[in-house]
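One structure below.
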Amino acid sequence: MQPRSLYDKLWDAHVVQEESDGTALLYIDRQLVHEVTSPQAFEGLKLADRKPWRLDTLLATPDHNVPTTARTAGNAGIVDPISRTQVETLDANCADFGITEFKIDDLRQGIVHVIGPEQGFTQPGMTLVCGDSHTSTHGAFGALAFGIGTSEVEHVLATQCLWMKKARAMQVLVDGALSPGITAKDIALAVIGQIGTAGGTGYAIEFAGSAIRALSMEGRMTLCNMAIEAGARAGMVAVDDKTVAYMRGRPYSPAGALWDQAVAYWRTLVSDADARFDSVVRLDAAAIKPQVTWGTSPEMVLPVDGCVPDPKDAPNPVKKSDWERALLYMGLSANMPISEIDVDKVFIGSCTNSRIEDLREAAAVVKGRSVASNIRLALVVPGSGLVKQQAEAEGLDKIFRAAGFEWREPGCSMCLAMNADRLEPGERCASTSNRNFEGRQGQGGRTHLVSPAMAAAAAVFGHFVDIREVM
Amino acid sequence: MRPFTRVEGLVAPLDRANVDTDAIIPKQFLKSIKRTGFGPNAFDEWRYLDRGEPGMDNGARPLNPDFVLNQARYQGASVLLARENFGCGSSREHAPWALEDYGFRALIAPSYADIFYNNCFKNGLLPIMLPAEIVDRLFQETLAAPGYKLVVDLAAQTVTTPNGAVFVFDVDAERKNRLLNGLDDISLTLQHTGKIQAYEARRKLEAPWLFV
Ligand code: SF4
């Protein structure tokens, strides 16, 4: 048999039917559902008098619209009536169809991409989809996971399948050891800086190399989460001991004899030694510095010791006008050192960086310090109720609160500002989220993407600092 | 889904690269539980001078005179000319819904983000990919000639300019067929029910933990 990549193996295992032009009907093992991209899909099902194909493959939770302040009032606590309707619509649809849902006041509620792995709902070898582009996160488990649109949400609900063409395979090889203080987020941003936001378009990316093996599962999730920001629908990491150890004992993980059988299969989910990739990108882990985005696209990124670029130096006219527009929007001038950029708000959260390890990294920087006087708001939003509970058990909430951070309830929050947490026009934010698009965190808001430790340091110093110098 | 066969339409040029889905339809409009009505809020942050919220009377809002789609000569455009990596960002299908509801039937750009590209086909919107030099030429011609129209013929896979230049584009045969006929994906897939069930039976033996 020909050597196969991890992607080949995942793909082959799920083909129900293949057409002569290479289009395949792919079986989907799991679907996560949230309130924003599902109402029109459920409406479609009802109109056509259809039912979900397999209820046991579905798990739903509201995350985008939920407030991050007290949850005691349940849905009634959602002030915006349109947001509330959307969450209530999800509840009603889940009740009507019999879908398991972690509702707003459930301890297990959280961002879909945090709760899937946390519950063991996400497993190696699965195909997993969600009406959300950051579904690539789940590829960290050696799974094929990707975001889909609402029509496809309905299609998977109704048929358990999707029509797809196989993507090309890209390997991103990161070898060597990261410097202390450098995280998976910095790797992700450095990769995007190198290949651009369209560099992965049409590809499924496998992250490999010694630096990736050394990452925790949380770090791998952060990395795969941002595969979509490089244009790739799916990112993935091969299964190893860490993957298996993470899976053990989770509520949805296989147990007993099935556990052993599953693990034996999971162990095969690695690329064969001479598997073929259509493209290979190499990075030297030791050379990666703390990354900060300066513009309005994740590819507009620099090491913290760099200076904002000068449009005069742009490689072509399209880039030049992009850079000019980005500088204007971001309120920055060319050649300004990144370390001199002051921030107004700090956001630690999102499906990229709201897991327990992220909160620990940020808390380690904050401990014994306080938030700088120019910071108007510093927010920590855990990714799920269980992450929050764990962090509280470790006393992290106290560290953040003592320093002047606000400690909130789980949800997407200021990652995209569909709830009340947002930037005001002109406000500048150090954010651990994944998108720095114009208006993403609130109209006119200015986002700089960084790691949790870098965001924490920006909160303490009031501007960007090199985390390696303050640890 | 509305079938797409042949469209002769006024062209509007949106001259920026990496136009993301947050720009196409800002997130506050994602709170709707409907599929329609997103058109007045397409490109909301660029199009209006005030901050858009769901439920506003869009007709009464101040328009941004500098935004290209607001220019009189582009009113009624049904073909959108764009730059590389159009539609990057989120998976929100609200982006093609908004473009379609605005009145666009076809998009022309050198490249698109994958999920967005896929979503367009599900909504009767044809995303055409042409080489960057040709897109560049179309931008120049559009800017130079008010009332500039293109003819998009899906069956023939061609874009024809007013002076008769013809550009051929690629499109996946299956997608083309569905779009030409406005076919419903789900009922087509359900014709394969037997195969899906056979796959499940097989998979259950190999990987029973996936079925508990
Ligand atoms: S945290 Fe942000 S990126 Fe992640 S699912 Fe929520 S809105 Fe999307």
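Placing R0 at 41 angstrom, the Cβ-Cβ distance between B:Q140 and A:Q194 gives a FRET efficiency of 0.80 after rounding to 0.05.
Between A:D105 and A:Q2, the modelled label-to-label distance comes to 5.6 nm, taking each label 7 Å out from Cα in the direction of the beta carbon.
For the options B:T36, B:T161, B:T21, a Gaussian network treatment of chain B with springs between C-alpha atoms closer than 10 Å singles out B:T36 as fluctuating the most. Fully extending the segment from A:L258 to A:M471, taken as 0.36 nm per residue of separation minus the present Cα-Cα distance, adds 72.2 nm. Ordering A:215-224, A:174-183 by mean Cβ neighbour count within 10 Å, with the highest value first, yields A:215-224, A:174-183. Taking B:R178, B:R16, B:R92 as the candidate residues, the one with maximal mean-square fluctuation in a Gaussian network model of chain B, Cα springs under 10 Å, is B:R16.
Note on segment A:36-149: dipole from Cβ charges, positive end direction compared against A:Q109, A:S133, A:A143; the farthest Cα belongs to A:A143. Ranking B:F104, B:Y74, B:C88 by how far each Cα lies toward the positive end of the dipole of segment B:56-127 (charges on Cβ) leaves B:Y74 at the top. Helical content of chain B, expressed as a calculated mean residue ellipticity at 222 nm, amounts to -8500 deg cm²/dmol (DSSP H runs of 4 or more residues, -39,500 (n - 2.57) each, divided by residue number, nearest 500).
For segment A:155-266, state the average projected area of the convex hull of the C-alpha atoms over all orientations, rounded to one decimal in nm².
Value for segment A:155-266: 9.0 nm².
In straight-distance terms, cross-link reach from A:K242 covers every one of the lysines whose alpha-carbon lies under 29 Å from its own, apart from those fewer than eight places away in the same chain; here that gives A:K9, A:K166, A:K185, A:K289, A:K367, A:K388, B:K204.
Report the local net charge at B:G89: Lys and Arg +1, Asp and Glu -1, summed over other residues whose C-beta lies under 12 Å from its C-beta.
Numbers: positive: A:R435, A:R440, B:K27, B:R92; negative: A:D132, A:E229, A:E438, B:D20, B:D22, B:D114.
That sum, taken over residues with Cβ under 12 Å, equals -2.
Fewest-first ordering of A:L128, A:L328, A:L58, A:L173 by other beta carbons within 10 Å of each residue's beta carbon gives A:L328, A:L173, A:L58, A:L128.
How large is log10 I(q)/I(0) at q = 0.07, 0.08 Å⁻¹ when the Debye formula is applied to the Cα atoms of the protein assembly as shown, each weighted equally and without solvent? With no solvent term, the Cα-only Debye profile gives -0.43, -0.56. Across peptide A:191-203, the average count of Cβ atoms from other chains found within 10 Å of a residue's Cβ is 3.
Just so you know, the Rg over Rh for segment A:36-79 is 1.10, from Cα atoms, with Rh as the Kirkwood radius.
Between B:T160 and A:D310, the distance separating the two model label sites (each 7 Å from Cα on the Cα→Cβ line) works out to 5.1 nm. Provide the net charge surrounding A:R468, with neighbours chosen by a C-beta distance below 10 Å and charges set as Lys +1, Arg +1, Asp -1, Glu -1. For residues surrounding A:R468, the net value is -2. Backbone phi angles across segment A:271-277, fed through the Karplus curve with coefficients 6.51, -1.76 and 1.60 (θ = phi - 60°), yield HN-Hα couplings of 6, 5, 3, 10, 4, 9, 10 Hz in residue order; Gly and Pro are listed as x.
Counting Cβ atoms of other protein chains within 10 Å of each residue's Cβ and taking the mean over peptide B:115-125 gives 4.
Along its principal axes, chain B has C-alpha extents of 64, 43, 26 angstrom, given from the largest down.
Once the C-beta distance of B:N64 and B:L180 is scaled by a Förster radius of 60 Å, the resulting FRET efficiency is 0.95 to the nearest 0.05.
Sum up the charges of everything whose Cβ sits under 9 Å from the Cβ of B:I186, counting Lys and Arg as +1 and Asp and Glu as -1, but leave B:I186 out. The partial results should precede the final answer.
Details: positive: A:R50; negative: A:E154, B:D184, B:D185.
My count for the surroundings of B:I186 gives -2.
Peptide packing for A:338-344, A:416-422 was compared via the average number of neighbouring C-beta atoms within 10 Å per residue; ordered from the highest value, the list is A:416-422, A:338-344.
For A:L26, the residues whose modelled amide H falls within less than 5 Å of its own, excluding neighbours fewer than 5 places apart on the same chain, are A:V16, A:L162, A:W163, A:M164. Between A:Q389 and A:S20, the simple label model (points 7 Å from Cα in the Cβ direction) yields a spacing of 5.7 nm.
Report the charge-dipole magnitude of chain A in Debye, nearest 20, computed about the Cα centre from +1 at each Lys and Arg Cβ and -1 at each Asp and Glu Cβ.
It comes to approximately 400 debye.
With a cut-off of 19 Å on the backbone N, the residues of segment A:164-180 near the modelled label site 7 Å out from A:D274 along Cα-Cβ are A:171.
Under 5 Å from the amide H of A:C307 lie the amide H atoms of A:I338, each residue being 5 or more positions distant or on a separate chain, with H modelled from the backbone and absent for Pro and chain starts. Calculate the length of the line joining the C-alpha centroid of segment A:72-127 to that of segment B:131-155, in whole Å. Taking the Cα centre of each part, segment A:72-127 and segment B:131-155 sit 46 Å apart.
What share of Cα pairs, in percent, lie more than 16 angstrom apart in segment A:384-471?
Working: 2302 of 3828 pairs.
In whole percent, the long-distance tail amounts to 60.
Averaged over peptide B:15-21, the number of partner chain Cβ atoms lying within 10 Å of each residue's Cβ comes to 5.
Values quoted throughout were computed directly from the atomic coordinates according to the rules given, and no laboratory measurement underlies them. Model, not experiment: these values are computed from the prediction. We place every Cβ from the backbone using ideal geometry, glycine too, and count neighbours over all the protein chains shown.
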